Amino acid sequence: MSQAKPQSQDPVSAAAESAGAKVAKAAKSAAAAAVRDAGRPPREVLGITDEQFEEMGQLGVMFYTQGDLERARIAFEGLVEADPNSSSAHSALGALYTRTGRYDEALEQVNRAIELNGDQLEAYVNRAEIWFRKDQMQRAFEDIKRAMTLDPGEQDPAANRARVMLLGLHQALKARGIMT
């Protein structure tokens with residue numbers, strides 16, 4: 001019987017994974033402390049600076065773009081735990097859930113992101129993608145339209161992604177005979 005070899009990681013990945021897991025664990029324990037601390041977000045209780053929070057988000061994005069979705073999930077869930085009022089953290093977690101086919105959970109996250117910041121373009125684009133995948137074309141169109149109004153200069157990559165989705169939406173409706 002052969003034994004599985006332990007996978008070796010490069011030092012950066014190993015440190016990043018360890019840091020992500022520690023942040024998630026610390027954020028969960030700090031959540032209880034935050035309730036005791038007059039409702040302060042766990043991030044404040046832990047003393048996580050804006051710069052550190054942003055770095056943790058960048059780490060999650062790095063894992064996401066590399067296709068390491070499990071580590072990205074740990075990072076993004078840790079960010080949401082650390083700061084439940086971060087629209088960016090909810091939007092990122094929603095994008096991850098969308099990519100992994102967890103559409104209902106993704107909707108919860110992007111809806112929360114929009115609730116926290118109604119001008120967060122990325123959340124509208126993420127939600128449009130969910131609606132598109134759930135065959136809710138009218139809803140997808142409304143979110144695409146909102147995203148594009150938030151980027152009148154046509155500079156934001158997320159809004160440009162929405163414009164490409166609009167083309168896909170048009171093609172889907174045309175194929176169904178709804179549009180010509």
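Rule-based calculations on the coordinates, nothing more; no lab input. Small disclaimer: the values here were computed from a predicted structure and weren't measured.
Values computed for the structure shown
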| quantity | calculated |
| --- | --- |
| Segment 73-180 pair-distance distribution - Cα-Cα, 5 Å bins, rounded % | 2, 15, 22, 23, 18, 11, 5, 2, 1, 0 |
| Hydrodynamic radius of segment 132-180 per Kirkwood, over alpha carbon pairs, in Å | 11.1 |
| Segment Lys145-Gln66, extension gain: residue separation times 0.36 nm, minus the distance between their alpha carbons | 25.5 nm |
| In Hz, Karplus ³J(HN,Hα) per residue of segment 93-107 (6.51, -1.76, 1.60; θ = phi - 60°; x = Gly, Pro) | 5, x, 5, 5, 4, 4, 4, 9, x, 8, 5, 5, 5, 4, 4 |
| Cα-based Rg and Dmax for segment 67-106, where Dmax is the largest Cα-Cα distance (Å) | 9.4, 26 |
